[in-house]
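> What follows is a structure written as structure tokens; I'll ask about it next.
The values are calculated or read from the model by the stated rules, or taken from the named source; none is laboratory data. Note that the structure is a prediction, hence the values are computed from the model and not measured. Note that each Cβ is placed from the backbone with ideal geometry, even for glycine, and that neighbours are counted across all protein chains shown. These accessible areas exclude ligands, DNA and RNA; they are computed on the full protein's heavy atoms, side chains included. Shrake-Rupley method; radii C 1.70, N 1.55, O 1.52, S 1.80 Å.
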Amino acid sequence: MWTRIRVLGMREVAKIGYQCLSDGDMEDWISKPYVEPSSTPTLFAFPAQTNLNGRRPPLRWCRQICAAAGEGEGDFSSLLDAASFVSTAPLHVNEIAPGFVALSFYKIFGCPDLGALIVRKSGAHALHGRKVFGGGTVDMVIASGEKWHVKKQTSIHEGLEDGTLPFHNIMALDAALDTHKRLHGSMASISAHTGWLAKEAYDVFSTLRQFNGTKACHMLNIRGDWIPKTEIEKVAATRNIHLCSGSVCNPGGTACSLRWAHTDLRRHYVAGLRCGADHDVLEGRPTGVLRISLGAMTSLEDIQSLVHFIRELYMKKTPHKDRSSLCSSGKQQVLRASLLC
Ligand SMILES: *Cc1c(COP(=O)(O)O)cnc(C)c1O
């Protein structure tokens with residue numbers, strides 16, 4: 001058996017290694033009638049929504065992988081990265097039954113800067129192997145003479161909360177929950193609102209055409225000649241439009257979608273490409289994407305001003321009267337956009 005981990009950094013602590021699975025691999029694995037039990041803990045991690053393009057893999061996977069492994073057989077669990085999902089959708093943890101859920105409150109409320117790890121009690125022992133400990137997590141520790149300590153065991157979280165808790169933020173969470181509810185109602189209504197906006201935006205951007213009929217914007221997976229993404233991001237910011245550009249914390253998804261192989265990425269590194277740097281186009285191809293992120297407070301006017309901005313600066317009305325200072329003549333101009341909803 002192998003350790004399945006899709007959350008990149010976590011592979012470093014996977015003893016046996018990690019494997020990235022496609023949707024098809026995943027469905028195959030789930031549909032197997034019997035999975036060999038393993039003494040090595042195995043974690044299957046996936047995002048409830050990818051923050052590259054907003055895609056939502058099936059949440060039923062959490063239950064299905066446990067069922068495939070046989071509940072209690074070996075040590076098999078799921079980790080749902082819900083950080084992106086929870087900003088625009090209700091998450092019913094009890095129905096989905098993941099082993100662990102990671103989420104960020106700032107993505108829902110803006111403030112406070114807190115995150116949460118929701119742990120299913122039956123799988124909490126996986127967290128007990130932690131070697132290091134911080135203040136507040138031990139009942140007793142001897143500093144000299146003998147190396148001895150006893151971790152707090154009355155609750156799961158007490159043994160994990162190192163140091164002083166961000167208590168102001170924790171108190172502010174209460175106010176954030178109330179305010180969010182008052183302003184936006186339920187998560188279901190936010191989901192309906194952002195789903196509608198995403199469709200509106202998608203429809204407009206996918207039909208925007210240059211004077212000669214070529215597409216002005218390409219959603220993921222279509223190629224063209226490229227306007228540097230950081231240029232668009234910077235110019236947009238001067239208009240108070242804030243876009244996210246680069247690999248948007250999804251190096252795997254970005255490389256796949258832009259068809260860069262791992263050998264290409266090594267070459268790019270040698271050529272000077274760094275996370276957050278301005279190397280927008282290498283070897284004639286883009287190194288990242290531009291992302292439009294939608295949330296509870298996004299309005300149709302926001303989408304319209306983005307469309308207006310693109311029309312004004314990146315679209316040529318006629319072959320001769322190019323009113324844009326930013327369009328290079330002759331080339332098809334492409335904005336690569338992905339939508340989050
Ligand atoms: C934002 C995000 C993260 C990172 O969360 P932080 O609280 O900002 O560290 C992880 N996964 C996904 C899918 C996200 O959207």
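> Considering the chain, what Rg and Dmax in Å follow from its alpha-carbon atoms?
Every Cα atom of the chain included, Rg and Dmax give 23.5, 84 Å.
> Between the range 266-316 and the range 230-262, what is the separation of their alpha carbon centroids in Å?
4
> Quick one: with all protein chains in place, what share of the accessible area of the chain is carbon or sulfur, to the nearest percent (1.4 Å probe)?
Its accessible area is 56 percent carbon and sulfur atoms.
> So which residue, out of VAL289, VAL119, VAL132, gets the largest mean-square fluctuation from a GNM of the chain using Cα contacts under 10 Å as springs?
Sorting by GNM fluctuation, first place goes to VAL132.
> Taking the alpha-carbon centroid of each part, what is the distance from the range 76-105 to the range 124-139 in angstrom?
When both Cα centres are located, 23 Å separates them.
> On C-alpha positions alone, give me the angle between the axis of helix 229-238 and the longest principal axis of the chain, in degrees, nearest 10.
80
> Return the aspartates and glutamates within reach of LYS152: Cα separation strictly under 15 angstrom, same-chain partners fewer than 8 residues apart disregarded; answer none if there are no such residues.
Filter leaves ASP139, GLU161, ASP162.
> Still on this structure, please answer the following. Under unit Cβ charges (Lys, Arg +1; Asp, Glu -1), what dipole magnitude, rounded to 20 debye, does the range 53-149 have relative to its Cα centre?
Its charge dipole is roughly 260 debye.
> Shifting gears a bit: Over 28 Å between Cα atoms, which of LYS32/LYS131; LYS15/LYS121; LYS107/LYS131 qualify?
Where the Cα-Cα span goes over 28 Å, the pairs concerned are LYS32/LYS131; LYS107/LYS131.
> What does the highest-first list of 250-258, 91-99 look like by mean Cβ count within 10 Å?
In decreasing order of mean packing, 250-258, 91-99 become 250-258, 91-99.
> What whole-number volume per residue, in cubic angstrom, does the convex hull of the C-alpha atoms of the range 10-180 give?
Residue-normalised Cα hull volume stands at 151 Å³.
> Put +1 on the Cβ of each Lys and Arg and -1 on the Cβ of each Asp and Glu in the range 10-180; which of LEU173, ALA89, LEU103 then has its Cα farthest toward the positive end of the dipole?
Projecting each Cα onto the dipole axis, the largest value belongs to LEU103.
> Based on DSSP H runs of at least 4 residues, each adding -39500 (n - 2.57), what is the mean residue ellipticity at 222 nm of the chain after dividing by all its residues, to the nearest 500 deg cm²/dmol?
-9500 deg cm²/dmol
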